[in-house]
Structure formats: C-alpha cells, structure tokens
Amino acid sequence: MKRIKLNAKLIFKLAELKDSIAVLQNNHDELVKRIKKVMSKKHLDEVKPSDSPQKLVLSNYDKSQVPWKDEWGKLAKKKYGKRWKKVMLSLQESNKVPCSSLCLERNEKFKPKKKAHNLKGRN
C-alpha cells in the first residue's frame, strides 16, 4: 500500500471526493426517479435499446413495512416481562463487533493564510 501524508491537501481531496459523490448520488437518484416514472406511465417492464450493452428492467413488488425492532420489543416484553430492557442491553453488549468510521468535520484550528497584496507600482 502506498504511503500517504495526512495533511491539509489530503483532507481537502477527501472533502472534494465526498462532495462529488454526493452530487453524483443526487443526480443518480433524480434520474432513476424520472426513469421509473416514465417507464411506469408507459407500462414498460424493460427498455433494451439495440445500441446499448445494458438494458433497464423495472420490477414492481410489494415491500413489507414491518418495524422489526418494535415487534421484537413487544415479544420481549411478553417473554421477559419487566426484565426485557436488561435482556436487550445484555444481547447488545454481548454481540458488539468492531467498526470504525471516518468523518469530515470543520477544523476549528484552521486559519486561512492571508494573501500578500501585490504592491508593485505603488508608492
């Protein structure tokens, strides 16, 4: 793995990439929404242009909206009574897995360098 320098340039590059990804994701989501709308309106299940190696396939299906966390809570209350919260906390504690995240946040210590004014030709 290539070594990297943890500096302002690297952090700026990461921030730029995150912004670009967010813009691309928004563009993607909007385009998908528009495509689904058109395909649904035209009652199309597939769009497969002869000049494209890919095709679009629209699948419509019913999705379950069961709030499993709420359901588990109801079942746990029935089974464990007043101890259900202790049981839940015990299960959560005994089933932890290591993970990490990398976030970009505002750097309070950052002080922009003041640009030197060009004084040539001034008296």
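The values are calculated or read from the model by the stated rules, or taken from the named source; none is laboratory data. Bear in mind the structure is a predicted one, so any value in this text is a computation, not a measurement. Positions of Cβ are generated from backbone atoms using ideal geometry, with glycine treated the same way; all protein chains shown enter the neighbour counts.
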- prompt: assigned to a loop (DSSP other than H, G, I, E, B) and closer than 30 Å to Ile11 by Cα: does that describe Asn107?
  reply: yes
- request: Could you tell me whether Glu93 is of a type in the set (D, E, K, R), without any contact (Cβ under 8 Å) to a residue 60 or more places away in the chain and closer than 30 Å to Leu14 by Cβ?
  value: no
Where a residue in region 5-30 is closer than 20 Å to Pro112 by Cβ and without any contact (Cβ under 8 Å) to a residue 24 or more places away in the chain and its partner, wherever it lies, is exposed (fewer than 10 other Cβ atoms within 10 Å of the Cβ) and aliphatic (A, V, I, L, M), with Cβ under 7 Å and at least six apart: Leu10/Ile4
- prompt: Looking at this structure, is Asp51 part of a helix (DSSP H, G or I) and either without any contact (Cβ under 8 Å) to a residue 40 or more places away in the chain or surrounded by 10 or more Cβ atoms within 10 Å (Cβ to Cβ) (or both)?
  reply: no
query: Does Lys78 satisfy being of a type in the set (Lys, Arg) and under 30 Å from Glu105 (Cβ atoms)?
result: no
task: Quickly run through region 3-43 and pick out the residues that are within 18 Å of Cys103 (Cα to Cα) and outside any helix (DSSP H, G or I).
output: Ile4, Lys5, Leu6, Asn7
query: Of all residues in region 83-104, which are surrounded by 10 or more Cβ atoms within 10 Å (Cβ to Cβ) and part of a helix (DSSP H, G or I)?
result: Arg83, Trp84, Lys85, Lys86, Val87, Met88, Leu89, Ser90, Leu91
message: Against the condition surrounded by 10 or more Cβ atoms within 10 Å (Cβ to Cβ), β-branched (Val, Ile, Thr) and either out of contact with any Gly (no Cβ under 8 Å at 6 or more places or on another chain) or modelled with pLDDT of 95 or more (or both), how does Val57 come out, does it pass?
response: yes
query: Does at least one position in region 61-82 carry a residue that is at pLDDT 90 or above, surrounded by 10 or more Cβ atoms within 10 Å (Cβ to Cβ), touching a strand residue (DSSP E or B) at 6+ places or on another chain (Cβ under 6 Å) and of a type outside the set (Val, Ile, Thr)?
result: no
- prompt: Just wondering, is there one or more residues in region 24-37 that are touching a strand residue (DSSP E or B) at 6+ places or on another chain (Cβ under 7 Å) and surrounded by 10 or more Cβ atoms within 10 Å (Cβ to Cβ)?
  reply: yes
